[in-house]
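Heads up: the structure comes next, in structure tokens.
Please treat every number below as a calculation from the coordinates, not as lab data. No experiment lies behind these values; they were computed from the predicted model shown. Using ideal geometry, Cβ is built from the backbone for each residue, glycine included, and neighbour counts are taken over all protein chains shown.
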Amino acid sequence: MNVWVLAQETGLGTSGLRGWILSNLLPLLLLVVAILILWLGGSKGDNAGVMRRVGGVIVALGVLGLAVGNGAQEIGMWVANLFTN
């Protein structure tokens, strides 16, 4: 009787995919967004609009950092302490 192994012996997970996205896909998307913001806003002379969009991108990066990082609980406790103490 033959035994066939159809999956890896360790547990399945998404750590490999998460690492690939963080190291390859995310920098490429940030570069594309930066080029589009500067090209679309800078060609029209709308510097205030460009800076408004850059502010939005910085906020989005902060949210993304909380999503993939491990410090969300500490930051949440710090914010809660601002209002309870």
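For the range 27-84, what is the largest minus smallest coordinate of the Cα atoms on each principal axis, given in angstrom and ordered from greatest to least?
Sorted largest first, the three principal extents are 47, 26, 7 Å.
Counting other Cβ atoms within 10 Å, keep those with at most 11, restrict to DSSP loop, and tell me which trypsin sites (Lys or Arg not before Pro) in the range 17-85 are left. Can you show the working numbers first?
Working: sites: ARG18, LYS44, ARG52, ARG53; in loops: LYS44.
Listed in order of number, the matching sites are LYS44.
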